[in-house]
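Read through the structure below, which is laid out as structure tokens, and then see the notes.
The values are calculated or read from the model by the stated rules, or taken from the named source; none is laboratory data. None of these values were measured; they are calculated from a predicted model. For neighbour counting, all protein chains shown are included, and Cβ atoms are generated from backbone atoms with ideal geometry for every residue, glycine included. Each accessible area value is taken on the protein alone, full model and side chains, heavy atoms only, with ligands, DNA and RNA left out. Shrake-Rupley method; radii C 1.70, N 1.55, O 1.52, S 1.80 Å.
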Amino acid sequence: MTETMLVVLGLWLASLFLGLPLFAGLGLASFGFVWQAGIPLGIVPQRMAQAANSFPLLAAPLFILMGNVMNASGVTERIFGFATAVVGSLRGGLCHANIVASVLFAGMSGSAVADAGGIGTIEIKAMRDAGYDDETAASVTAASATIGPIIPPSLPMVIYAVSADVSIGALFLAGVIPGLLMAGALMALVVIVARRSGLPRAPFPGIALLLRAFAEAFLSLLTPVILFGGLVSGLFTPTEAAAVAAGYALLLGLVIYRSLPVAHLPRLLAETVETTGVVLALLMTATALAWCLSLSRIPQMLGPMIVATVGDPLLFLLAVNVVLLLVGMVMEAIAAMLVLVPILVPAAAGFGIDPMHFGLIFVLNLMIGTITPPVGIVLFVTARVAGLPFDRLARAILPWLAPLVLVLLAVTLHAPLATWLPRLVLG
């Protein structure tokens, strides 16, 4: 079996060296394993098909579609307008508005890339027009975008829950308090930066304009209320919630606001299919490789080995934080998740760590990795949107990593921050 796993590792490293897509490397490694082990090659496509045949996984394309529709129908502009009216009069008000808008949009998109590439475009332009420098506008936008996959709904949480066999609804609820803490920590840093740098502030718009901004955004703001309320009440499952939310987004864009031309729907559907295809290809091939690892009993051997070596659950979680932060710097979040879940989740179970707590830590680490140089995908998206060289944004983002890491440590050290709400709601 050792020889077989060496072949698998060699094929995977060779595929990475040759520049093959990650899903192709995972699939090649899976075929290499079954060939070396003398198992019929047809088992690999069967395992891939079984991975795709998952009802909870249907939530992924529906949440992606919802985010695409929200961006295309102008909902993001209404949300940012409302956030600006509420907190724009504070010192550094548009930084605060940027973060508040990300919290609101998090309840709709579930994706850091959608946040940075969608509402981020509006935020950066507004901040530039108000006199903010490019680095501040882009770094706050990138940092606040990481809130998107933590506050439900969340595409990475759906993928994690399916891979680790955890309740999607419970994991969604586990992200609410940490997501709000992330927003609060970022806004606290804005207060400090605003005082030191003399960031601009806008005059208070007045109650009339504030109410008008709320009225314009009201139906958009109902999206997370409908989604979250349905989940908490048990009216529908996370997958059904995704369908309801996507339908509501289409209703807003096509019928109520009439800001989404019907002619744009094929393009939005094509973008949704393209994004879903990438995610699904990774999930299918990673699941096949995870089955190979399970057959070789590597996770079963590594789990007890890690438990015996580390010995303490807290030390294990701190070590996982370091590993995932380093991996998140150089590897796309969903790909890293699919590769590491089969190895780390059994070890966490061996320590008796709550699955919701560990899942939240897992996702939060990888989301921070999306804005950490040298590879952070959200950094690349934000740099492109802002028209900034990547190296300038990579330097500017460093101070904004500190509050996010502090929240990560708080969640790691105090499990109820992640587990209290799911237990309160779901029992």
With the checklist (1) over 30 Å from Ala130 (Cα atoms); (2) surrounded by 24 or more Cβ atoms within 10 Å (Cβ to Cβ); (3) small (Gly, Ala, Ser) in hand, flag the one item Gly169 doesn't pass.
-> (2)
Selection count, segment 183-211, where residues are touching a residue at least 60 places away in the same chain (Cβ under 8 Å), among the basic types (Lys, Arg) and either assigned to a helix (DSSP H, G or I) or closer than 19 Å to Ile397 by Cβ (or both) = 1
Qualifying residue in segment 362-373 (condition: open to solvent by 30 Å² or more (accessible area, probe 1.4 Å) and either out of contact with any strand residue (DSSP E or B) (no Cβ under 6 Å at 6 or more places or on another chain) or among the polar types (S, T, N, Q) (or both)) | yes
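For (1) acidic (Asp, Glu); (2) free of Cβ contacts under 8 Å to residues at least 12 places away in the same chain; (3) closer than 14 Å to Ser144 by Cβ, each residue gets a yes or a no:
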site	(1), (2), (3)
Met367	no, no, yes
Leu408	no, no, no
His414	no, yes, no
Ala418	no, no, no
Quick one: is Gly107 open to solvent by less than 10 Å² (accessible area, probe 1.4 Å) and modelled with pLDDT under 80?
-> yes
Take segment 83-103 and flag every residue that is closer than 18 Å to Ala142 by Cα and without any contact (Cβ under 8 Å) to a residue 60 or more places away in the chain.
-> Ala83, Ala97, Asn98, Ala101
What number goes with the only condition from (1) farther than 30 Å from Ser102 by Cβ; (2) crowded, with 23+ Cβ neighbours inside 10 Å; (3) not hydrophobic (A, V, I, L, M, F, W, C) that Gly25 does not pass?
-> (2)
Looking only at segment 132-166, count how many residues are open to solvent by 10 Å² or more (accessible area, probe 1.4 Å) and within 15 Å of Thr84 (Cα to Cα).
-> 1
Restricting segment 295-312 to residues that are open to solvent by 50 Å² or more (accessible area, probe 1.4 Å) and polar (S, T, N, Q), which is modelled with the lowest pLDDT?
-> Gln300
Of these, Leu325, Leu280, Leu338, which one is in a helix (DSSP H, G or I), closer than 22 Å to Ala161 by Cβ and at pLDDT below 80?
-> Leu338
Kindly indicate whether any position in segment 83-97 is open to solvent by 10 Å² or more (accessible area, probe 1.4 Å), of a type outside the set (A, V, I, L, M, F, W, C) and more than 25 Å from Pro203 (Cβ to Cβ).
-> no
Of the residues in segment 36-82, those that are over 27 Å from Cys292 (Cβ atoms) and either free of Cβ contacts under 8 Å to residues at least 40 places away in the same chain or open to solvent by 40 Å² or more (accessible area, probe 1.4 Å) (or both) come to Leu62, Asn71, Glu77, Arg78
Those residues of segment 146-156 which are at pLDDT below 90 and either hydrophobic (A, V, I, L, M, F, W, C) or over 26 Å from Ala281 (Cβ atoms) (or both) amount to Ile151, Leu155
Residue within segment 116-131 that is hydroxyl-bearing (Ser, Thr, Tyr), in contact with a helix residue (DSSP H, G or I) (Cβ under 9 Å, 6 or more places away or on another chain) and buried (at least 24 other Cβ atoms within 10 Å of the Cβ) present | no
Right, Ile371: outside any helix (DSSP H, G or I) and more than 29 Å from Ile192 (Cβ to Cβ) or not?
-> no
Could you tell me whether Leu315 is surrounded by fewer than 18 Cβ atoms within 10 Å (Cβ to Cβ), in a helix (DSSP H, G or I), more than 14 Å from the chain's Cα centre (by Cα) and free of Cβ contacts under 8 Å to residues at least 40 places away in the same chain?
-> yes
Checking Val262 against (1) aliphatic (A, V, I, L, M); (2) out of contact with any His (no Cβ under 8 Å at 6 or more places or on another chain); (3) surrounded by 13 or more Cβ atoms within 10 Å (Cβ to Cβ), which single condition isn't satisfied?
-> (3)
Only listed residue being open to solvent by 60 Å² or more (accessible area, probe 1.4 Å) and assigned to a helix (DSSP H, G or I), chosen from Leu222, Leu180 = Leu180
Residue check: is Val273 within 21 Å of the chain's Cα centre (by Cα), loosely packed, with under 15 Cβ neighbours inside 10 Å and modelled with pLDDT of 85 or more?
-> yes
